[in-house]
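Right, I'll just put the structure down here and ask away after.
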Amino acid sequence: MLYKYTSIDRRAMEILINGEIYFPLSSSFNDPFDGCLLPEDFVNEVRDLGYDISGDEISRHNDYVKERLEGYGVLSLSQKPDDLLMWSHYAESHKGICFEFDDDLRGNIFSDCPVDFYHINYSESHPFKAVMDDLQSGRRFNSDDGFLNLAQMAFALMRASIT
């Protein structure tokens with residue numbers, strides 16, 4: 001099961017009455033750091049991780065990542081129905097509601113736009129570290145097709161920005 005903590009408001013009523021789920025833009029999140037991890041902002045941090053790169057290797061993907069972060073709606077769900085911090089932050093200081101959804105939610109979302117699901121992984125390492133390790137070791141982004149490498153790198157950076 002998956003859970004959505006929320007206040008009792010118009011969006012909650014849309015879920016109850018119409019079965020409609022809202023995907024807010026990351027810019028409307030209550031945490032100003034969610035959804036704002038952009039590649040060009042972290043070139044120096046990536047260098048601090050020990051990678052010898054030019055700023056162009058990452059920052060050329062910045063517009064792609066930024067456009068998607070600003071234009072994609074995000075539905076955040078939890079795997080825990082009894083998380084006190086989630087109740088406090090997202091359910092109106094414990095006065096809100098927590099919706100329960102089947103974990104096969106993907107099959108029940110009908111949209112004109114593509115919907116994808118990502119499990120958020122909390123890690124002590126920098127979100128771009130795995131991407132940089134793969135780039136420098138040649139594990140990924142090593143096709144003879146330069147465009148394919150650019151597309152895969154842009155997607156990997158975008159995914160690292162949101163997961």
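The values are calculated or read from the model by the stated rules, or taken from the named source; none is laboratory data. None of the values given here were measured: they were computed from a predicted structure. A quick note on method: Cβ atoms are made from the backbone with ideal geometry, for glycine too, and the neighbour counts reach across all protein chains shown. Calculation scope for accessible area: heavy atoms of the full protein, side chains included, ligands and nucleic acids excluded. Shrake-Rupley method; radii C 1.70, N 1.55, O 1.52, S 1.80 Å.
Give the residues of segment 53-76 that are assigned to a loop (DSSP other than H, G, I, E, B) and either within 16 Å of Ala160 (Cβ to Cβ) or modelled with pLDDT of 70 or more (or both), sorted by residue number.
From segment 53-76, those assigned to a loop (DSSP other than H, G, I, E, B) are 53-54, 60-61, 72, 74-76; that's our starting set.
Selection gives Ile53, Arg60, His61, Tyr72, Val74, Leu75, Ser76.
Let me ask something else about it. Pairs please, first residue from segment 64-89 and closer than 18 Å to Asp102 by Cβ, second anywhere and in a helix (DSSP H, G or I), Cβ atoms under 7 Å, 6+ apart in sequence or on different chains.
From segment 64-89, the pairs are Ser78/Met86.
Continuing with this model, one more query. Given the criteria of a type in the set (Lys, Arg), at pLDDT 75 or above, over 17 Å from Arg11 (Cα atoms) and surrounded by 11 or more Cβ atoms within 10 Å (Cβ to Cβ), does Arg140 qualify?
Numbers: of a type in the set (Lys, Arg): yes; at pLDDT 75 or above: yes; over 17 Å from Arg11 (Cα atoms): yes; surrounded by 11 or more Cβ atoms within 10 Å (Cβ to Cβ): yes.
Spelling it out, Arg140 is indeed of a type in the set (Lys, Arg), at pLDDT 75 or above, over 17 Å from Arg11 (Cα atoms) and surrounded by 11 or more Cβ atoms within 10 Å (Cβ to Cβ).
Can you find even one residue in segment 13-33 that is at pLDDT below 85, of a type in the set (S, T, N, Q) and open to solvent by 80 Å² or more (accessible area, probe 1.4 Å)? Write out each step before concluding.
Residues of segment 13-33 that are at pLDDT below 85, as a first pass: 19-33.
Those still in the list that are of a type in the set (S, T, N, Q) too: 26-28, 30.
Checking which are open to solvent by 80 Å² or more (accessible area, probe 1.4 Å) leaves us with 27, 30.
Yes, the conditions are met somewhere in segment 13-33.
OK, next. Filter segment 77-108 for residues that are surrounded by 13 or more Cβ atoms within 10 Å (Cβ to Cβ) and at pLDDT below 70 and give the result.
Leu105
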